[in-house]
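**Q** A single structure is presented below for examination.
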Amino acid sequence: MNETKLPFSASTPSRRTVLRGIAAAGIATSFTLRFPAVHAQETSTLKIGWVAALSGPGALFGEATDFVKAQLEKHFSGGIEIGSKTYSVEILVRDSQSSVNVAAQVTAELMTRDKVDLIVASEALGAITGGQMAVINRTPIVSTLFPSDAMIGVRGGPEAYGNNGTPWTFHFLFDTADVGAAYIGMWEPVRGRLNDTVGTFYVDQPAAQGFAHPEFGLPAFLSRAGYKTVEGGMFKVETDDFSNQVSTFKSGDAQILTGFMFANHFASFWRAAAQGDYHPEIATVAGAFLFPGGVEALGDRGDGVSTEIWWSPKTPFASSLTGQTAANLAADWEASQGKQWTPVLGYTHAIWEVAIHALIASGNPKDREAVRSALAAAKLETVIGLVDFTNTQVPGITKTPLVAGQWRRAKSGPYKYDLVVTYNGSSAPFALEDEFKLLSQLG
């Protein structure tokens, strides 16, 4: 896609200038995209807040922000027509810095100072920290890229999240149960060759806390499936020394390794494991292996690491916004970015499909209650599949498909590894591509 220049005003700094200022001032990155139609009229300008992880350890979850921003610029270049009226659009992008505290600050400012009409939280921290404020300020939020059950949990349970049937936050993604089922299902064909001992460790961060929950997270699923665990515990985001976990897993003879962390954490752990002569047969880690760059950082030892699969160019879905198929979207990304597609691309694009659908369906996008009602009534085919808020157990929460697979050394093409589906459960949109293999079979 050919990117046109943003129509910044003279008073609006460039992103590079803002980032430079952030480094000096220690505040959250912020910049505004303006797509004028009748910009002089305040009542005809839609203000949309966008909270994303542009920096910090979770920055890979915000990796597709700039790409989707360019798509939005093309879509909004002449404003947006809703009913018989054309609105100009301002998108206020805020960097959560992968921090709950920063996300809380920028989300609150978007509601109270900037008085936005809608907030798009493409990495969900804004919806976690700003959920109650959304109710108080009557500002709708749509979010993704966070397990749906963990979202409900950190927001105080189903009734609190759903605001007694009138939610102001709308979230879509699979849940921890789906991840547990995918992992256990993927391992089942090779289980008879292993000792049923699983080493677990997690970064101390909201999504990982949901995964680590003893009753509702991975430990419960592993226990019910008959696996025993060797616990490596929680570790701080800034940790880069994993020698204790290596020693614990090796002494406990953990042949399977799982948990939740960012790519840099696992890369440090994997180096320590090699040095400590610890060689598990399975390494299935949430978060760390979602992204091609995280796997490539492992060098030749990335072959066979496994993960849940959120989205793929191989899925038979298309965008309601651009008309692109999943394959087209991924190809466009690779051509413009010069790097391999990423699973968060589909979701970063799809969240804007949902947001724009709701604004148009509201009939009056300046009426927040109308936008909220449009989100509650949203049933939309997107580039990740169906997003349906009309028939859910918890108002404002809906689930999306999930499968699992392995990164395998590519047989051809420009990239070192391909992500191969080795378990698809009942998710028909993802075709099974190969059997699951132990790391020792691939090494």
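**Q** Considering every residue within the stretch 419-434, establish whether at least one is crowded, with 17+ Cβ neighbours inside 10 Å, assigned to a loop (DSSP other than H, G, I, E, B) and of a type in the set (Phe, Trp, Tyr).
**A** Yes.
**Q** Against the condition in contact (Cβ under 8 Å) with a residue 24 or more places away in the chain, open to solvent by less than 10 Å² (accessible area, probe 1.4 Å) and not acidic (Asp, Glu), how does residue 363 come out, does it pass?
**A** Details: in contact (Cβ under 8 Å) with a residue 24 or more places away in the chain: yes; open to solvent by less than 10 Å² (accessible area, probe 1.4 Å): no; not acidic (Asp, Glu): yes.
Criteria not met by residue 363.
**Q** Name the residue that is nearest to residue 356 (Cα to Cα), counting only residues in the stretch 56-68 that are outside any loop (DSSP other than H, G, I, E, B) and open to solvent by less than 20 Å² (accessible area, probe 1.4 Å).
**A** Filtering the stretch 56-68 down to residues outside any loop (DSSP other than H, G, I, E, B) leaves 59-62, 65-68.
Filter once more, so that each one left must be open to solvent by less than 20 Å² (accessible area, probe 1.4 Å): 62, 65, 67-68.
Working: 62: 19, 65: 16, 67: 17, 68: 13 Å.
Restricting to residues being outside any loop (DSSP other than H, G, I, E, B) and open to solvent by less than 20 Å² (accessible area, probe 1.4 Å), the top hit is 68.
**Q** Starting from the stretch 201-222, take each residue that is within 21 Å of residue 240 (Cβ to Cβ) and list its partners that are among the polar types (S, T, N, Q) and in a strand (DSSP E or B), counting only C-beta distances under 8 angstrom and pairs at least six apart or across chains.
**A** If the second residue must be among the polar types (S, T, N, Q) and in a strand (DSSP E or B), the pairs left are 212/200.
**Q** Right, next: Does the stretch 213-228 hold any residues that are out of contact with any helix residue (DSSP H, G or I) (no Cβ under 6 Å at 6 or more places or on another chain) and either of a type in the set (Ser, Thr, Tyr) or open to solvent by 20 Å² or more (accessible area, probe 1.4 Å) (or both), and which are they? Steps first, answer last, please.
**A** Step one: list which residues in the stretch 213-228 are out of contact with any helix residue (DSSP H, G or I) (no Cβ under 6 Å at 6 or more places or on another chain), which gives 213-216, 219-220, 222-224, 226-228.
If the condition is that a residue be out of contact with any helix residue (DSSP H, G or I) (no Cβ under 6 Å at 6 or more places or on another chain) and either of a type in the set (Ser, Thr, Tyr) or open to solvent by 20 Å² or more (accessible area, probe 1.4 Å) (or both), then 213, 214, 215, 216, 219, 223, 224, 226, 227, 228 are the ones that fit.
**Q** I'd like the full set of residues that are open to solvent by 40 Å² or more (accessible area, probe 1.4 Å) and touching a residue at least 12 places away in the same chain (Cβ under 8 Å), limited to the stretch 305-324.
**A** If we filter the stretch 305-324 for residues that are open to solvent by 40 Å² or more (accessible area, probe 1.4 Å), which is where we start, we get 314, 316, 318, 320, 322-323.
The answer is 314, 316, 318, 320, 322.
Residues are listed down the side, and each one gets a yes or a no for (1) among the small types (Gly, Ala, Ser); (2) at pLDDT below 95:
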residue	(1), (2)
232	yes, no
247	yes, no
256	no, no
263	yes, yes
273	yes, no
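**Q** With over 24 Å from residue 58 (Cβ atoms) and either buried (at least 21 other Cβ atoms within 10 Å of the Cβ) or free of Cβ contacts under 8 Å to residues at least 60 places away in the same chain (or both) as the only criterion, which of 370, 286 stands out?
**A** Working: 286 fails: over 24 Å from residue 58 (Cβ atoms).
Going through 370, 286 in turn, just one is over 24 Å from residue 58 (Cβ atoms) and either buried (at least 21 other Cβ atoms within 10 Å of the Cβ) or free of Cβ contacts under 8 Å to residues at least 60 places away in the same chain (or both): 370.
**Q** As an exercise: evaluate residue 123 against (1) touching a helix residue (DSSP H, G or I) at 6+ places or on another chain (Cβ under 8 Å); (2) modelled with pLDDT of 95 or more and give the number of the one condition it does not meet.
**A** Among (1) touching a helix residue (DSSP H, G or I) at 6+ places or on another chain (Cβ under 8 Å); (2) modelled with pLDDT of 95 or more, residue 123 violates only (2).
**Q** Determine the pairs where a residue that is in contact (Cβ under 8 Å) with a residue 40 or more places away in the chain and under 10 Å from residue 108 (Cα atoms), located within the stretch 121-138, has a partner that is open to solvent by 10 Å² or more (accessible area, probe 1.4 Å) and of a type in the set (D, E, K, R) with Cβ atoms under 9 Å apart, the partner being 6 or more residues away or on another chain.
**A** Final answer for the pair search is 126/94.
For (1) surrounded by 20 or more Cβ atoms within 10 Å (Cβ to Cβ); (2) over 23 Å from the mean Cα position of the chain (by Cα); (3) over 25 Å from residue 303 (Cβ atoms), each residue gets a yes or a no:
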| position | (1), (2), (3) |
| --- | --- |
| 346 | yes, no, no |
| 391 | no, no, yes |
| 404 | yes, no, no |
| 412 | no, yes, no |
| 441 | no, yes, no |
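**Q** Which of the residues spanning the stretch 151-185 are charged (D, E, K, R) and within 15 Å of residue 393 (Cα to Cα)? Give the steps one after another, and end with the answer.
**A** Taking the stretch 151-185 first, the residues charged (D, E, K, R) are 155, 159, 175, 178.
The answer is 159, 175.
**Q** Select from the stretch 377-389 the residues that are buried (at least 19 other Cβ atoms within 10 Å of the Cβ) and charged (D, E, K, R) and list them in ascending order.
**A** none
**Q** Another question, if that's okay. If you check 335, 361, 355, 370, which single one turns out to be of a type in the set (Gly, Ala, Ser) and closer than 30 Å to residue 410 by Cβ?
**A** Matching residue, one of 335, 361, 355, 370: 335.
**Q** Here is a further query. Go through (1) touching a residue at least 24 places away in the same chain (Cβ under 8 Å); (2) on the phi > 0 side of the Ramachandran plot; (3) surrounded by fewer than 24 Cβ atoms within 10 Å (Cβ to Cβ) one by one and return the number of the condition residue 299 breaks.
**A** Single failed check for residue 299: (1).
**Q** Continuing with this model, one more query. Hey, can you tell me all the residues within the stretch 148-178 that are of a type in the set (S, T, N, Q) and in contact (Cβ under 8 Å) with a residue 24 or more places away in the chain? Steps first, please.
**A** Let us first name the residues in the stretch 148-178 that are of a type in the set (S, T, N, Q), namely 148, 163-164, 166, 169, 176.
If the condition is that a residue be of a type in the set (S, T, N, Q) and in contact (Cβ under 8 Å) with a residue 24 or more places away in the chain, then 148, 163, 166, 169, 176 are the ones that fit.
**Q** Select from the stretch 340-354 the residues that are in contact with a helix residue (DSSP H, G or I) (Cβ under 7 Å, 6 or more places away or on another chain) and among the hydroxyl-bearing types (Ser, Thr, Tyr) and write down the one among them that is modelled with the highest pLDDT. Break it down into steps so the answer makes sense when it comes.
**A** Just the residues of the stretch 340-354 that are in contact with a helix residue (DSSP H, G or I) (Cβ under 7 Å, 6 or more places away or on another chain), to begin with: 340-342, 344-346, 348-349, 352.
Now restrict to residues that are among the hydroxyl-bearing types (Ser, Thr, Tyr): 342, 348.
On the way: 342: 92, 348: 97.
Looking at residues that are in contact with a helix residue (DSSP H, G or I) (Cβ under 7 Å, 6 or more places away or on another chain) and among the hydroxyl-bearing types (Ser, Thr, Tyr), I get 348.
**Q** Any residue that is closer than 21 Å to residue 304 by Cβ, in contact (Cβ under 8 Å) with a residue 12 or more places away in the chain and in contact with a Lys or Arg (Cβ under 8 Å, 6 or more places away or on another chain) - is there at least one of those in the stretch 181-190?
**A** Yes: one or more hits.
The values are calculated or read from the model by the stated rules, or taken from the named source; none is laboratory data. These numbers come from a predicted model, not from an experiment. Every residue, glycine as well, gets a Cβ built from its backbone with ideal geometry; the counts of neighbours run over all protein chains shown. Just the protein is used for accessible areas: all its heavy atoms, side chains included, with ligands, DNA and RNA removed. Shrake-Rupley method; radii C 1.70, N 1.55, O 1.52, S 1.80 Å.
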